[in-house]
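Written out below as C-alpha cells is the structure these notes cover.
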Amino acid sequence: MEVKEKIIKAALRIFMMKGFDATSMSDVVAQTKLSKGGIYHHFKNKKDLFLQCIDFMFKEFVKWEEEMYSQEMGIKEILHTYLSSLGVIHQFVCSISDSQDVNIDNFYKLMMDAFLKFPEIKQKHFQSHERNMKNLVKMLESAKEAGVIKSGVDCSTLGFMINALAEGTIMYHILNEKINLEEVGNKLFTTLWNGISTENEI
C-alpha cells in the first residue's frame, strides 16, 4: 500500500470516529506513526486531507458497485442487488478504512458532515447521484418496452422511489441499529417487484 493511501485510510478511521472539527493532524500522525512532515508532504492541510479522503471513498464506491453488477444482469437482478446490498455497505466501509471495527453510523454522519461543510463535495455527490438516476430510469424504460415491467409504470417516479426507499432505510437504521438491512432490503425488493413486474400477469 502506498504511503498516501495509508494516510487516507488512517484519516478516514479518525474522521469517522471524531468528525472533521474534532480531528487534528496530530491525530493522523499518531495513527499512521509518520512524521508531520511526512503527512504534509502529501496534504496541504486538514481540509485538503479530508477532501481527498471523501474523493477516495467516492472512487472506491464506484469500483465496488462495478464489481457487484454485470452487463448480463436484467432489471430484476439489478434491483434485487441494489436493495439487498444495503446490508453489505458496512463491509465496504471496513475495506476502505482497513478496519473491522467501524461503526456504520459514523460513516453516514461523516458523509452528512462533508455535505454540510463543503458545498463542492455535496455538488459532486449530487452530480453522481443524477447520473445514476438517469441510468436507472433508462434501464426501467427498456424493461417496460420489453414487457418485463407493467406498461403503466412511470419510470422516472419509480426510479426516484427506489432511491428514496434505499436512502430512507439507511436513515432509519441510524435510528434503530437492530434492523437487519439485508433482510429489509430483500423484503423491499420483493414488495417492489411484485408491484411492477408482469411475471404473474395472465
Legend entry - Residue under evaluation A114, criteria (1) at pLDDT 90 or above; (2) not in a helix (DSSP H, G or I), criterion not met: (2)
Inset, instruction - List every residue pair whose Cβ atoms sit under 8 Å apart, with the two residues 6 or more apart in sequence or on different chains, where the first one lies in region 60-87 and is within 17 Å of E141 (Cβ to Cβ) and touching a residue at least 12 places away in the same chain (Cβ under 8 Å) and the second, anywhere, is small (G, A, S) and surrounded by 12 or more Cβ atoms within 10 Å (Cβ to Cβ). - result: G74/A143; I75/S142; I75/A143; K76/S197; Y82/A166
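Which residue, of G147, G74, is at positive phi, exposed (fewer than 14 other Cβ atoms within 10 Å of the Cβ) and not hydrophobic (A, V, I, L, M, F, W, C)?
G147
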Legend entry - Candidates M68, M57, M17, filtered to the one that is crowded, with 19+ Cβ neighbours inside 10 Å and under 24 Å from the mean Cα position of the chain (by Cα): M57
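When you check S84 against the structure, is it among the polar types (S, T, N, Q) and surrounded by 15 or more Cβ atoms within 10 Å (Cβ to Cβ), yes or no?
Taking the combined requirement at face value, the residue satisfies it.
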Inset, instruction - Kindly check whether there is at least one residue in region 19-40 that is under 30 Å from K138 (Cα atoms), of a type in the set (F, W, Y) and out of contact with any Asp or Glu (no Cβ under 9 Å at 6 or more places or on another chain). - result: no
Inset, instruction - Go through region 64-84 and give me each residue that's modelled with pLDDT under 85 and either part of a helix (DSSP H, G or I) or within 19 Å of I8 (Cβ to Cβ) (or both). - result: W64, E65, E66, E67, M68
Legend entry - The lone exception for I121 - which of (1) more than 17 Å from the chain's Cα centre (by Cα); (2) touching a residue at least 40 places away in the same chain (Cβ under 8 Å); (3) assigned to a helix (DSSP H, G or I) it fails: (1)
Inset, instruction - Look through region 143-202, keep the residues that are assigned to a helix (DSSP H, G or I) and among the charged types (D, E, K, R), and return whichever of them is nearest to D105 (Cα to Cα). - result: E167
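The values are calculated or read from the model by the stated rules, or taken from the named source; none is laboratory data. Just so it is clear, the model here is predicted, and its values are computed rather than measured. Neighbour counts run over all protein chains shown; Cβ positions are idealised from the backbone, glycine included.
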